[in-house]
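Reading through the structure tokens given below for one structure.
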Amino acid sequence: MTAPGPAPGGIETIGVDLGGTKMLVGVVDSGGRVLHRRVDASVGLSLDELLARIDEEIRIALDSRPGVAAVGLGVPCIVDRDREICVTSNHLPLIGVPLRSRVAALTGLPTAIDNDGNAAAIAEQRRGAARGADNVVLLTLGTGIGGGLILGGRPYRGSRGAAAELGHFVVDMDGPPCPGRCPNNGCIESLVSGTALRIEAERAIAANPGSPLASAAAAGGKIDGTVVTGLARAGDAISIQLLETMGRRLGIALTGLANVFDPDVIVIGGGVIDAGDLLLRPAREEFERRALTPQRETPIRAAELGSDAGMIGASILGLDALTEAGAVV
Ligand SMILES: [Zn+2]
């Protein structure tokens, strides 16, 4: 491999954030500027169709930015400890697929792959809310819950590549069944995610048929985190209470995580965080009541990179692959 040498705007790498419903493909330079960005669907595709679409999006990114020097892939999978093969995948038909080497062969470029939670944690640590921190706990609250750990300045992947499944931290031993392949119950994924918020909002609607939430549902609106957050901001007591309960549960989970890892900072991302302090204030209150000293002083921050975190983190994985390949000194 010949060293590409830094372009005037810095080294450019492709970041692929492969989600269960869509993929975000970007080119980001080493200064953090996003130079290319495209969204494509990933849902409902066969493996061959999915791989063809990934190839096509990478080709389009390379056409757009021919100076690209490496590729990073963030995937909704547990990736094996050698970071080659997707071992489990809830949302995409990728189990057993050597996606990294496939993309490396397609592009001829250094290529790295990692779990999407790790990619988001790497992005927030290098360029977002945890900039400069050595020890970071990150949770992304979306339809499900993703997690990432940075320990001693490096992503912590565990013995089998399966670490940082923080969504499966239990806060209620009698809680609801955890969705997906998890055999547990009372995990925060079943109590704090967007899916949990929707289920509990539906329960509140059934119990309070005259409420603003019930009116929103009757008007044909899909009841999700955005609706609940909007009503809470407008002062609706039931919606405020729903977010307060979620926030308290989140605070209990963060207490356990902080007591174990003693991080510099905890970062909360994902769509549910749009609720901001409606969620984070009760989380912080619960955390400060329960966490050990000095862990109770750990800052709890909203993520800064929003829906770009996974893509930017993947592009940084590409940058790191380039460094490891010896192409950048
Ligand atoms: Zn679980």
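Values quoted throughout were computed directly from the atomic coordinates according to the rules given, and no laboratory measurement underlies them. Predicted model only: the values in this text are computed from it and were never measured. Glycine gets a Cβ as well: all are built from the backbone with ideal geometry, and neighbour counts include every protein chain shown.
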Would you call residue 213 farther than 30 Å from residue 86 by Cα, aliphatic (A, V, I, L, M) and either in a helix (DSSP H, G or I) or within 16 Å of the ligand (Cβ to nearest atom) (or both)? yes
Look at residue 223 and say whether it is assigned to a loop (DSSP other than H, G, I, E, B) and either of a type in the set (A, V, I, L, M) or closer than 16 Å to residue 143 by Cα (or both). yes
(1) under 30 Å from residue 154 (Cβ atoms); (2) aliphatic (A, V, I, L, M); (3) not in a strand (DSSP E or B) all hold for residue 232 apart from (1)
Could you list, in sequence order, the residues of the range 297-329 that are surrounded by 15 or more Cβ atoms within 10 Å (Cβ to Cβ), part of a helix (DSSP H, G or I) and not hydrophobic (A, V, I, L, M, F, W, C)? 307, 308, 310, 313, 315, 318, 320
Looking at residue 266 and the list (1) surrounded by 18 or more Cβ atoms within 10 Å (Cβ to Cβ); (2) away from the ligand (no atom under 16 Å from the Cβ); (3) part of a helix (DSSP H, G or I), which single condition is not satisfied? (3)
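Tell me, which residue of the range 115-141 that is among the charged types (D, E, K, R) and in contact (Cβ under 8 Å) with a residue 12 or more places away in the chain is nearest to residue 189 (Cα to Cα)?
116
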What's the total number of residues in the range 41-90 that are among the hydroxyl-bearing types (Ser, Thr, Tyr) and touching a residue at least 60 places away in the same chain (Cβ under 8 Å)? 1
Here the qualifying pairs (Cβ atoms under 7 Å; residues six or more apart or on different chains; first in the range 182-202 and outside any helix (DSSP H, G or I); second within 8 Å of the ligand (Cβ to nearest atom) and among the β-branched types (Val, Ile, Thr)) come out as 184/170; 186/170; 187/170
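Could you check how many residues of the range 166-181 are assigned to a loop (DSSP other than H, G, I, E, B) and either touching an Asp or Glu at 6+ places or on another chain (Cβ under 9 Å) or among the aromatic types (Phe, Trp, Tyr) (or both)? Even if it seems obvious, please write down each step before you answer.
Of all residues in the range 166-181, those assigned to a loop (DSSP other than H, G, I, E, B) come to 169, 171-176, 178-181.
Restricting the remaining residues to those that are either touching an Asp or Glu at 6+ places or on another chain (Cβ under 9 Å) or among the aromatic types (Phe, Trp, Tyr) (or both) gives 169, 178-180.
Within the range 166-181, residues that are assigned to a loop (DSSP other than H, G, I, E, B) and either touching an Asp or Glu at 6+ places or on another chain (Cβ under 9 Å) or among the aromatic types (Phe, Trp, Tyr) (or both) number 4.
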Out of all the residues in the range 28-84, which are closer than 25 Å to residue 11 by Cβ and either hydroxyl-bearing (Ser, Thr, Tyr) or in a helix (DSSP H, G or I) (or both)? 30, 54, 55, 56, 57, 58, 59, 60, 61, 62, 63, 64
Kindly indicate whether any position in the range 249-260 is among the charged types (D, E, K, R) and surrounded by fewer than 20 Cβ atoms within 10 Å (Cβ to Cβ). no
